[in-house]
Amino acid sequence: MERIPILRMGAYLLVTIQVDMHDRLAMTLQDDLTTRIAKTEAKGVLIDISALEIVDSFIGRMISNISSMSRVLDAHTVIVGMQPAVAITLVELGLTLPGVLTALDVEKGMALLAHLVPSAEEGDADDSESY
C-alpha cells in the first residue's frame, strides 16, 4: 500500500506530498498522521502540498479534517506551498477550510509553527524518523 512519509523534526511532524492524492491515499495519510501525532505528542504539523496541482472536494475536506483532528490532539497544522490553481479550485468548490493555517513556503511555515509553539525547541531536533 502506498504511503506518504511523515518525518519527525523535534516537536513537529513534516509531511511532503510528492504524488497526486487520491481518496484512499488521503484517508491513509489522515489515519497515519493522527496516529503519529498521538504517539509522538507532536505540537505542530507542516504539510507541504507544493507538488499538488489538482484537488477535488474530497481532498479539500481531508485537508480540513486533518487540521481539525490535529487541533483536537493539541497540534497546530500549517499547509504550505499551495499552488494558485489549487487555491482557486478550493474557493470555486466553496471550501473555506476553517482552522487551516497557511504559509507560502516551508521556511515561512516553520516560522509560523515556531511562533504558535514557542516551546518547540525543547524537542530533540535530531530525532527524525519516517513513518
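Do we have T102 as hydroxyl-bearing (S, T, Y), touching a residue at least 24 places away in the same chain (Cβ under 8 Å), under 26 Å from E2 (Cβ atoms) and part of a helix (DSSP H, G or I) here? Here the answer is no, as T102 does not meet what is asked. Applying the condition of being in a loop (DSSP other than H, G, I, E, B) and under 16 Å from the mean Cα position of the chain (by Cα) to region 54-82 and asking which residue is surrounded by the fewest Cβ atoms within 10 Å (Cβ to Cβ) yields D74.
Flag: A85 does not match the condition of being in a loop (DSSP other than H, G, I, E, B) and over 12 Å from the mean Cα position of the chain (by Cα). When region 1-48 is filtered for residues that are crowded, with 21+ Cβ neighbours inside 10 Å and free of Cβ contacts under 8 Å to residues at least 12 places away in the same chain, nothing remains. Selection within region 33-53: residues that are under 19 Å from M69 (Cβ atoms) and of a type in the set (A, V, I, L, M, F, W, C). The member of this set that is farthest from the chain's Cα centre (by Cα) is A38. For T35, state whether it is of a type in the set (S, T, N, Q), modelled with pLDDT of 90 or more and either in a loop (DSSP other than H, G, I, E, B) or farther than 21 Å from L116 by Cα (or both). For T35, the condition - of a type in the set (S, T, N, Q), modelled with pLDDT of 90 or more and either in a loop (DSSP other than H, G, I, E, B) or farther than 21 Å from L116 by Cα (or both) - is met. Being closer than 21 Å to Y12 by Cα, under 13 Å from the mean Cα position of the chain (by Cα) and modelled with pLDDT of 90 or more is not true of V100.
If the condition is being assigned to a helix (DSSP H, G or I), within 11 Å of the chain's Cα centre (by Cα) and hydrophobic (A, V, I, L, M, F, W, C), then region 1-32 contributes only L29.
Scoring A51 on the criteria (1) more than 20 Å from P98 (Cα to Cα); (2) part of a helix (DSSP H, G or I) leaves a single failure, condition (2).
The values are calculated or read from the model by the stated rules, or taken from the named source; none is laboratory data. These numbers come from a predicted model, not from an experiment. With ideal geometry, Cβ positions are generated from the backbone for all residues, glycine too; neighbour counts draw on all protein chains shown.
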